[in-house]
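Each remark here refers to the structure printed beneath this line.
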Amino acid sequence: MRNALRRWLAILRRRHFYQLRTRFLLIGHEGHFWGLRAAAQAHGAEGIKAAIRAGFDTIEHASFVDEEGIRLAKEHGTALSMDIYNTEYTLSQGQADGVLEENLAKERMVSAAQREGFRNANAAGVKMVFGSDAGVMPHEDVGGQFAVMVRFGMTPLQAIQAATRNAADALGQSGEVGVIAPGAWGDLIAVEGDPLSDVGELVHVDAVIKAGLRIK
């Protein structure tokens with residue numbers, strides 16, 4: 001698939017026909033031709049809408065999604081993967097990690113827009129999936145995303161479904177992951193409290209089951 005994309009992009013360059021929309025259409029079409037899902041990393045409103053129109057399955061970040069982008073995502077069944085927890089970590093630890101002040105100021109500005117977009121998209125009924133952008137923080141901190149998703153409009157159940165059922169749908173793995181059912185992978189976690197009452201319980205994992213076997 002990678003070689004096929006390279007050949008097509010080389011042809012488009014020679015013909016001086018290399019606009020963003022054309023690239024998106026090509027990648028989305030070629031990925032689906034090979035039975036794969038297509039994900040676009042897009043922050044800007046126009047890039048988000050171009051990726052949705054091109055048939056991408058998921059949009060990562062979607063920081064500046066606007067009203068039209070939300071409408072298109074719902075119409076096309078495109079899932080938004082919005083990593084709205086990152087701000088907590090970046091603003092609390094960024095200075096100590098050597099992040100420049102101008103970058104921290106940008107984080108404040110972008111996160112405010114992204115969280116408003118998250119709230120609006122969820123309220124509009126757009127398919128939402130749990131996104132962490134976990135390279136920004138230690139992986140064990142990713143569970144903090146659940147509480148932020150609830151703070152910005154989701155119910156605890158919706159937040160859990162975003163990380164399980166919705167994520168499985170977005171990956172084309174419904175029935176295999178993100179569900180407790182015969183024939184599924186059998187990947188589970190367990191916590192002492194009730195995450196439907198306090199979704200913060202999911203930060204404190206007491207047991208991990210992988211492929212049906214307890215490993216923690």
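The values are calculated or read from the model by the stated rules, or taken from the named source; none is laboratory data. Here the structure is a predicted model, which is why all the values come from computation and not from measurement. Quick reminder, even Gly has a Cβ in these numbers, built from the backbone with ideal geometry, and neighbours come from all protein chains shown. Accessible surface areas use protein heavy atoms only, side chains included; no ligands, DNA or RNA. Shrake-Rupley method; radii C 1.70, N 1.55, O 1.52, S 1.80 Å.
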Q) Of all residues in the range 56-81, which are among the small types (G, A, S) and open to solvent by 30 Å² or more (accessible area, probe 1.4 Å)? A) G77
Q. Can K106 be described as open to solvent by 30 Å² or more (accessible area, probe 1.4 Å) and in contact (Cβ under 8 Å) with a residue 40 or more places away in the chain?
A. no
Q: Check the range 140-149 and report whether any residue there is under 19 Å from V203 (Cβ atoms), open to solvent by 60 Å² or more (accessible area, probe 1.4 Å) and touching a residue at least 12 places away in the same chain (Cβ under 8 Å).
A: no
**Q.** Output for the range 76-93, where each listed residue is more than 14 Å from N122 (Cα to Cα) and touching a helix residue (DSSP H, G or I) at 6+ places or on another chain (Cβ under 9 Å)
**A.** H76, Y85, N86, T87, E88, Y89, T90, L91
Q) What is the one condition in (1) of a type in the set (A, V, I, L, M); (2) surrounded by 15 or more Cβ atoms within 10 Å (Cβ to Cβ); (3) assigned to a loop (DSSP other than H, G, I, E, B); (4) in contact (Cβ under 8 Å) with a residue 60 or more places away in the chain that V205 does not satisfy? A) (2)
(Q) Which pairs turn up if I take residues in the range 82-102 that are over 13 Å from R115 (Cβ atoms) and free of Cβ contacts under 8 Å to residues at least 12 places away in the same chain and look for partners that are open to solvent by 80 Å² or more (accessible area, probe 1.4 Å) and assigned to a loop (DSSP other than H, G, I, E, B) with beta carbon separation below 9 Å, at least 6 apart in sequence or on another chain? (A) E101/Q95
Q | Scope the range 169-201; condition more than 19 Å from the chain's Cα centre (by Cα), closer than 24 Å to F152 by Cβ, open to solvent by 40 Å² or more (accessible area, probe 1.4 Å) and aliphatic (A, V, I, L, M); matching residues | A | I189, L196
Q: Name the single residue, out of those in the range 33-43 being part of a loop (DSSP other than H, G, I, E, B) and within 18 Å of M128 (Cα to Cα), that is modelled with the highest pLDDT.
A: H43
Q: Taking the residues in the range 111-133 that are in contact with a strand residue (DSSP E or B) (Cβ under 9 Å, 6 or more places away or on another chain) and assigned to a helix (DSSP H, G or I) as candidates, determine which candidate is most open to solvent (accessible area, probe 1.4 Å).
A: N122
Q: Report yes if some residue within the range 92-101 is buried (at least 16 other Cβ atoms within 10 Å of the Cβ) and either modelled with pLDDT of 95 or more or of a type in the set (D, E) (or both); otherwise report no.
A: no
Q | Odd one out for Q19, checked against (1) of a type in the set (S, T, N, Q); (2) at pLDDT 60 or above; (3) over 24 Å from G117 (Cβ atoms) | A | (2)
Q) Which is at pLDDT 90 or above, over 21 Å from P156 (Cα atoms) and not aromatic (F, W, Y), of E75, E116? A) E75
